[in-house]
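Below is one structure, written out as structure tokens, with a few remarks after it.
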Amino acid sequence: QVRLVESGGNLVQAGGSLRLSCAVSGDTNCISAMGWYRQAPGKERHLVAAIRNDGSTDYVDSVKGRFTISRDTAKNTLYLQMDTLRPEDTAVYYCKAPADRLCIYYGMDFWGNGTLVAVSS
């Protein structure tokens with residue numbers, strides 16, 4: 001299968017920056033598109049940013065212009081550069097990778113265990 005491990009979460013002051021990483025291992029050929037999700041306390045998990053196999057990206061409106069998603073295929077790592085952080089960005093951040101349609105795991109979603117980002121005002 002596929003294993004995802006996030007890192008880089010921390011406590012930071014408002015206006016600061018963090019870079020999250022998501023290391024992918026296992027059947028990496030099963031992965032094409034990937035995304036970052038976040039879940040704030042007491043709220044549902046939702047998509048923050050996504051990147052397709054062709055490198056095109058999408059962002060939720062609240063992070064446009066502040067967050068940048070990228071990937072290094074040679075290192076099998078997904079990144080989320082977060083700048084100008086706000087207290088409302090506080091959440092556990094997860095990376096997710098749906099299995100590609102050509103993969104035997106097609107239909108499954110792979111998730112990491114999350115990394116905590118806390119932004120103080």
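The values are calculated or read from the model by the stated rules, or taken from the named source; none is laboratory data. Just so we're clear, the structure is a prediction, and the values are computed from it rather than from any experiment. Ideal geometry is used to build each Cβ from the backbone, glycine not excepted, and the neighbour counts take in all protein chains shown. Ligands, DNA and RNA are stripped out before the accessible areas are found, and what is left, the full protein with its side chains, is counted by its heavy atoms. Shrake-Rupley method; radii C 1.70, N 1.55, O 1.52, S 1.80 Å.
Looking at segment 50-71, which of its residues are farther than 28 Å from ALA14 by Cβ and more than 13 Å from the chain's Cα centre (by Cα)?
ASN53, ASP54, GLY55, SER56
Name the pairs: first residue in segment 61-79 and farther than 16 Å from CYS30 by Cα and in contact (Cβ under 8 Å) with a residue 12 or more places away in the chain, second residue in a loop (DSSP other than H, G, I, E, B) and not aliphatic (A, V, I, L, M), Cβ to Cβ under 7 Å, at least 6 apart or on different chains?
ARG66/ASP83; ARG66/THR84
Within segment 13-35, take every residue that is open to solvent by less than 30 Å² (accessible area, probe 1.4 Å) and at pLDDT 95 or above and give me the one that is farthest from the chain's Cα centre (by Cα).
Residue satisfying both the conditions and the ranking: GLY16.
Determine, yes or no, whether ASN76 is open to solvent by 70 Å² or more (accessible area, probe 1.4 Å) and of a type in the set (S, T, N, Q).
The answer is no for ASN76.
Tell me whether segment 58-72 contains one or more residues that are basic (Lys, Arg) and touching a Ser or Thr at 6+ places or on another chain (Cβ under 8 Å).
For segment 58-72, residues basic (Lys, Arg) and touching a Ser or Thr at 6+ places or on another chain (Cβ under 8 Å): present.
Being open to solvent by less than 50 Å² (accessible area, probe 1.4 Å) and touching an Asp or Glu at 6+ places or on another chain (Cβ under 9 Å) is the filter here, so list the residues in segment 49-67 that pass it.
Step one: list which residues in segment 49-67 are open to solvent by less than 50 Å² (accessible area, probe 1.4 Å), which gives 49-51, 55-56, 60, 63, 66-67.
Within segment 49-67, ALA49, ALA50, ILE51, VAL63, ARG66, PHE67 meet the criteria.
Which pairs have Cβ atoms under 6 Å, sit 6 or more apart or on different chains, and link a residue in segment 7-30 that is over 15 Å from TYR79 (Cα atoms) and among the charged types (D, E, K, R) to one that is open to solvent by 60 Å² or more (accessible area, probe 1.4 Å) and not in a loop (DSSP other than H, G, I, E, B)?
Short answer, once both residue conditions are applied: none.
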